[in-house]
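Data first, discussion second: the structure below is written as structure tokens.
The values are calculated or read from the model by the stated rules, or taken from the named source; none is laboratory data. Keep in mind the model is a prediction, meaning the values are calculated, not measured. Positions of Cβ are generated from backbone atoms using ideal geometry, with glycine treated the same way; all protein chains shown enter the neighbour counts. Only protein heavy atoms, including side chains, enter the accessible area calculation; ligands, DNA and RNA are left aside. Shrake-Rupley method; radii C 1.70, N 1.55, O 1.52, S 1.80 Å.
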Amino acid sequence: DESSDENTPPDDGALPPVPMPVGEELSAEALEEYTSFFAQKNFNGLLRFPYTNGADRVQIAPYLSFLFYDTGETDLSDEEYALLDAAGMFLEVDEFRLTRTFVVDYLVTWLDMAPEDAEAMLSEGDHLGVYLPETDAWYTCHGDTAWMPYTFERGVSCPDSASVQLYYTNPFLTVVLENGEVDYLTDQPMVVTISIEGGEWKILSNELLSQD
């Protein structure tokens with residue numbers, strides 16, 4: 001429900017069910033449901049960058065700011081504004097708050113990351129903006145958006161009967177290079193794999209396809 005608290009991870013069953021026998025192509029209706037899911041602000045970031053294992057904190061850490069760019073609470077208190085002003089944060093556009101609890105829950109729920117790995121990743125650096133210990137939260141301030149339209153062109157159920165693979169063209173892919181520099185690729189063919197483990201949906205990978 002888009003009217004619900006944007007800083008609360010939805011139920012694990014928010015993704016649409018697999019509506020076809022194992023090994024068959026997804027219907028156009030099913031593809032539209034997945035397209036609508038990833039169009040939501042809280043989930044759009046899951047497709048902004050490549051990863052072969054969403055549970056691997058080493059792969060995800062460089063992309064945390066991109067994953068959560070449009071996500072967060074905006075009801076900051078006067079005390080928070082005062083603390084951020086004292087920290088030298090620019091406060092003339094939209095401000096966002098990401099609590100530690102929300103970020104850890106999100107990574108565990110949607111990327112199947114172990115809670116201890118999520119916590120360790122957050123302790124390794126302020127990837128998410130200005131950190132305030134008083135609220136145990138990170139803050140960003142920006143007036144733009146990283147939201148992108150993603151349309152799935154094809155989808156198939158995997159032989160394990162508990163996974164689907166969705167094929168699409170990524171219009172604007174963020175890639176962090178080994179030297180830490182950020183590169184951007186356009187119109188990249190990709191496949192995202194979504195799997196069910198214990199009845200819970202997990203986004204397992206978002207991989208580039210060979211263009212040979």
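Residues in the range 36-56 that are of a type in the set (S, T, Y) and surrounded by fewer than 17 Cβ atoms within 10 Å (Cβ to Cβ): 2 in all.
Number of residues in the range 60-93 that are under 20 Å from the mean Cα position of the chain (by Cα) and not hydroxyl-bearing (S, T, Y): the value is 10. Residues in the range 57-76 that are part of a loop (DSSP other than H, G, I, E, B) and open to solvent by 50 Å² or more (accessible area, probe 1.4 Å) were compared, and the one that is nearest to E116 (Cα to Cα) is Y69. Does D85 qualify as being part of a helix (DSSP H, G or I), farther than 22 Å from L46 by Cα and among the charged types (D, E, K, R)? Yes: the conditions hold for D85. Looking at the range 127-212, the strands (runs of 3 or more DSSP E) lying wholly inside it that each contain 1 or more residues that are aliphatic (A, V, I, L, M) and closer than 30 Å to L84 by Cβ sit at 130-132, 137-141, 173-176, 182-185.
Given the condition of a type in the set (S, T, N, Q), assigned to a helix (DSSP H, G or I) and within 24 Å of A39 (Cβ to Cβ), answer yes or no: does some residue in the range 96-114 qualify? Working first, answer last.
Of all residues in the range 96-114, those of a type in the set (S, T, N, Q) come to 99, 101, 109.
If we keep only those that are assigned to a helix (DSSP H, G or I) too, we end up with 101, 109.
If we keep only those that are within 24 Å of A39 (Cβ to Cβ) too, we end up with 109.
There is at least one residue in the range 96-114 that is of a type in the set (S, T, N, Q), assigned to a helix (DSSP H, G or I) and within 24 Å of A39 (Cβ to Cβ).
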